[in-house]
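The values are calculated or read from the model by the stated rules, or taken from the named source; none is laboratory data. In this text the structure is predicted, and so the values were computed from the model without any measurement. Glycine gets a Cβ as well: all are built from the backbone with ideal geometry, and neighbour counts include every protein chain shown.
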Amino acid sequence: MSAKIDWRRTFGLREAGVYYALLILLFVLAAIASSRGLPPYLSAENLGNIAYQASLIGIMGVAMTVMLITGAFDLSVASVAALAAAVLVGLAGSIGFVPAALAALCTAAAIGLINGAIVQFIGINAFIVTLGTLTAVRGLVLILTGGRSLMVENPAILGHMLAFESTRISLFWPALVLTIVIAGAGIMRRAPLPIAAGLIIGALALLAGPTVAVAAPVIYLALFTFVMWAVLRFTVIGRRLYAVGGNAEAARLSGVNVHAYKLAAFVLSSVAAGFAGILFGCRLGAINPTALQGSELTVIAAAILGGTSLFGGAGSVVKTVVGALLLFTLTNGFNVLNLGANYQGLIEGVVVVAAAAIYTVGGNRRRSRKPVADTAPEAPPVVEGATA
Amino acid sequence: MVTHPPLLSLDGVTKTFPNGTVALAGVDLDLRAGRVHGLLGANGAGKSTLIKILSGALPASGGAIRWHGEAVRWTRPRHPREAGVATIYQHIPLVPTLSALENILLDERGTWRNRTADRERIGAIVSTLGHPFDLNTPVAQLPIGARQMVAIAQALAGGAELVVMDEPTASLAGDERQTVYRTIRRLAYDEGKAILFVSHFLDEIMALTDEVTVLRDGRAVLHAETDTLDEARIAEAIAGRAVAAIARPDQARSLGEPRLEVQDLRSPGKLSPVSFTLHTGEVLGIAGVLGSGRSELMHAVFGSDPDARGQVLLDGETVGRYPDEAVAAGLALVPEDRAEQGYVPQFSLAENIALARVSQRGGAFIDAASERADAKAAIDRLSIKAPGGDALVTELSGGNAQKVVVAKWLTDDTRVLLLDEPTAGIDIGARTDILKLVRALADGGLPVMLVSSEFEELLAICDRILVMRDGRMIGQADPYATSETDLTLMTGGTTDVAAAGANA
């Protein structure tokens, strides 16, 4: 009994494929950029930009991953985000930024509660319920905005909102502190992985120099991801979220309140979408009723790229964020290098399906390891059944 | 009255699985047209394997099968079907969204749906069955009994000469059973079909069949005309062996203090009101055949049946009616179906064991070191054959996975252990390990409720046995004064409980 690391598994395509994909993509784009004599692609500024562009999808993707882990599904996130943005922009002028943001979060939470209650207590499939709320909530946004763009007129409040969204935060010193903490913990525990990770972060920080900074949403995404990762990894709540998705009946008979966990996942998903909507509203101080339309599919694509199972019981929030970064690196690469935006959709789609194929094939290989039989194997099921 | 030549005859048919398990050790069986042949046997006696061989789902390892006197070798379900053998399973595989007619025509070749000729042909067949269902109704809307008739009509539409029925009445209500009986009689006596009828219910075997074969340990140990037999003789042939590995003490243990009191516990449609008391150090057996309400009773006690009503008191305090409350109070359930209800397939052995402990103890953070220690302790205590606590539970064999599900609850916080068929589908070694453990736990003071289809297990380790049939508790048996034959009679027969001489 030891916590041995299975290196082949940890660094295999199934487990680490999304990291390889992101690294390969970055280096390919960097190579193209330098061959065309463009400014260096792998600059701290450009990478910060990608992270900034991916942050809203990333925040929703992290919550979506938790949702998928519990075995449910939420298509309504983009509409909820737009509604939260509309509530924020609509109310901020009269009641101020913070109360308006709280109202937006409460609205989002209420929709999550409605979604979850319908799915859990009436027993309608989550796909159908959230497809309904996707449409209905978007309709609510149209009603609230009267079909026009709303904006915040009060310059003081607008400033407050812009500050919340676009403040740039220096990364240099935090990164060095992080290096020391992670590498130190690795040395104390004699674990090689954290030491290596810490040293890489430190090296990147020194390479980028003391002026490197990112926009606030990237920090929000990092904090949210870290919290959810820690909850899933270290707490009983996390263990139970996986158990509920892996085998709800076994979890229930082990004394887990399955309804509560599934309901909580819906609320978390909607609140995260609401927060993403607040960031979106703050970005421009305005909201257009069709904002974020279709982003729910990008959110789900990020989770799938990160290897989250649509059937529940497996998934990683960190890999979902990497999946979101991968998608936005593609977009960013096409824009920056002017590679022809027409190809973008095709390539993104192929990447998502290829990733799913790798996970499925890799997953099968792991499952096909035969158990040590100590009893008669069950006969194969009679597929053709009771027919004459 | 054996006048017809056999339609199908098995001659020394054997089946050995690749890992060496012998499921059939040479079975002889003759099935004749116009006769109903009953097949009985305990779990693991080889009934299912025999049916799978007859339906072509499994090839036989040895022996000969003759159909109309000619040797045949069936390796695919298609072969016996085309020859004229139809198999009707207990869980009827029909497409719920299609109409009864389309289900009946499911395996017919051809291009067009909804041909008038088909409809007339099937309509004629169904009318010989007495129109038990409407041809256009989707199967999902038919009651279970009517679905059974759809499966029978399907068999007839394919022109079957031999119909194999695997416990066709197990999930049916009384009047639905009568319909099935009538149909079987008409098929055999009016239309000259051969019927192989598999059942656990001795009374229907006596009433319905012309001859009987009993399987035990992969052999046909009894074959006789039904009218020369009585229920007791059949039950004895079914039972006939003992759990050698577990010695049963000579005299009854004295019961301890009452711990769990169940008062008027009931669940509409599943369980008629029951009341009983479970004592310290007692193993209380629940005897009953599949569908007798034994699992329903366990779920009602544990609070995992939302429809259940009534009182469950542990040490005088009411236990909440939800599983999480029951677990917090100290109840522990090892459910019947380990894959569907027992473990989380994506989890390792250690994580599965930890899942229940946390529900009992509370706590917010995962303590990896103590989980590894718990897993190691469980592996040692239950002799689980596993590479370690990190092994996925799905990589273990059935018996070892079952031990993991049991190990989840082996904590100091478990105050009552409910075991629903803990030995189903596992080999004799793992089975003995689990039974010994259960007895040892009870001797240590833990009250245990044990459901098992293997009555010899109940007799070997239980202090008292409750007998269930049709969702009702029909009596109590004293394991020291009851034989396996008696239990088989009580659970499967019409015999009055008192008459079986088993009143505790």
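How many of the residues making up the stretch B:447-462 are in a loop (DSSP other than H, G, I, E, B) and surrounded by 22 or more Cβ atoms within 10 Å (Cβ to Cβ)?
Count: 3.
Yes/no matrix, rows are residues, columns are (1) free of Cβ contacts under 8 Å to residues at least 24 places away in the same chain; (2) loosely packed, with under 13 Cβ neighbours inside 10 Å; (3) over 19 Å from B:LEU142 (Cβ atoms):
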site: B:SER55; (1), (2), (3): no, no, yes
site: B:PRO77; (1), (2), (3): yes, no, yes
site: B:ILE88; (1), (2), (3): no, no, no
site: B:LEU105; (1), (2), (3): no, no, no
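Looking at (1) more than 17 Å from A:ALA104 (Cβ to Cβ); (2) touching a residue at least 12 places away in the same chain (Cβ under 8 Å), can you tell me which one A:ILE187 breaks?
Result: A:ILE187 passes all but (2).
Can you tell me which residue within the stretch B:160-170, out of those that are assigned to a loop (DSSP other than H, G, I, E, B) and modelled with pLDDT of 85 or more, is farthest from the other protein chains (Cβ to nearest Cβ)?
Within the stretch B:160-170, the match that is farthest from the other protein chains (Cβ to nearest Cβ) is B:GLU161.
Take the conditions in a strand (DSSP E or B), under 28 Å from B:LEU487 (Cβ atoms) and in contact (Cβ under 8 Å) with a residue 40 or more places away in the chain and apply them to B:LEU265. Does it pass?
Taking the combined requirement at face value, the residue satisfies it.
Sort out for me the helices (runs of 4 or more DSSP H) sitting completely within the stretch B:271-390 that have 1 or more residues that are out of contact with any Gly (no Cβ under 6 Å at 6 or more places or on another chain), in the same structural domain as B:LEU441 (by TED's automatic domain parsing) and surrounded by fewer than 16 Cβ atoms within 10 Å (Cβ to Cβ).
B:323-329
In this structure, is B:SER304 of a type in the set (S, T, N, Q) and more than 9 Å from chain A (Cβ to nearest Cβ)?
Criteria not met by B:SER304.
Only one residue in B:ALA153, B:ALA157, B:ALA173 is among the small types (Gly, Ala, Ser), without any contact (Cβ under 8 Å) to a residue 60 or more places away in the chain and more than 10 Å from chain A (Cβ to nearest Cβ). Which one?
From the options B:ALA153, B:ALA157, B:ALA173, the qualifying one is B:ALA173.
Among the residues of the stretch A:90-98, are any in contact with a Leu (Cβ under 6 Å, 6 or more places away or on another chain), at pLDDT 95 or above and of a type in the set (Gly, Ala, Ser)?
No, the stretch A:90-98 has no match at all.
Has the stretch A:222-230 got any residue that is part of a helix (DSSP H, G or I), touching a residue at least 40 places away in the same chain (Cβ under 8 Å) and over 17 Å from A:VAL322 (Cα atoms)?
No - not one qualifying residue is present in the stretch A:222-230.
Considering every residue within the stretch B:249-262, establish whether at least one is within 20 Å of the chain's Cα centre (by Cα) and either at pLDDT below 80 or of a type outside the set (Lys, Arg) (or both).
No; the residues of the stretch B:249-262 include none that is within 20 Å of the chain's Cα centre (by Cα) and either at pLDDT below 80 or of a type outside the set (Lys, Arg) (or both).
Pick from B:ASP367, B:ASP413, B:ASP374: which is more than 10 Å from every other protein chain (Cβ to nearest Cβ) and farther than 20 Å from B:SER304 by Cβ?
B:ASP374
Across the stretch A:234-271, what is the number of residues that are assigned to a helix (DSSP H, G or I) and more than 16 Å from the chain's Cα centre (by Cα)?
So the answer is 25.
Tally the residues that are within 24 Å of B:GLN154 (Cβ to Cβ) and without any contact (Cβ under 8 Å) to a residue 60 or more places away in the chain, restricting the search to the stretch B:192-239.
Residues meeting the conditions: 1.
Are any residues in the stretch B:377-402 among the charged types (D, E, K, R) and within 11 Å of chain A (Cβ to nearest Cβ), and if so, which ones?
B:ASP380, B:LYS385, B:ASP390, B:GLU395
When only residues in the stretch A:247-271 that are at the interface with another protein chain (Cβ under 10 Å from one of its Cβ atoms) and over 22 Å from B:GLU336 (Cα atoms) count, which is surrounded by the most Cβ atoms within 10 Å (Cβ to Cβ)?
A:HIS259
Counting residues that are buried (at least 24 other Cβ atoms within 10 Å of the Cβ) and among the β-branched types (Val, Ile, Thr), which helices (runs of 4 or more DSSP H) fully inside the stretch A:47-153 reach at least 3?
Fully inside the stretch A:47-153 and qualifying: A:77-95, A:126-145.
Using the structure shown, decide if A:GLY274 is at pLDDT 90 or above, over 18 Å from A:ASN49 (Cα atoms), part of a helix (DSSP H, G or I) and within 14 Å of another protein chain (Cβ to nearest Cβ).
When the stated conditions are applied, A:GLY274 does not pass them.
Take the residues in the stretch A:43-61 that are among the aliphatic types (A, V, I, L, M) and modelled with pLDDT of 85 or more; name whichever of them is nearest to A:LEU23 (Cα to Cα).
A:LEU47
Here are the criteria: (1) away from chain A (no Cβ under 14 Å); (2) touching a strand residue (DSSP E or B) at 6+ places or on another chain (Cβ under 8 Å); (3) free of Cβ contacts under 8 Å to residues at least 40 places away in the same chain. Tell me which single one B:GLU317 does not satisfy.
For B:GLU317, the exception is condition (2).
Pairs under 8 Å by beta carbon, first residue away from chain B (no Cβ under 14 Å) in the stretch A:307-335, partner buried (at least 23 other Cβ atoms within 10 Å of the Cβ) and of a type in the set (D, E, K, R), six or more apart or different chains?
Short answer, once both residue conditions are applied: none.
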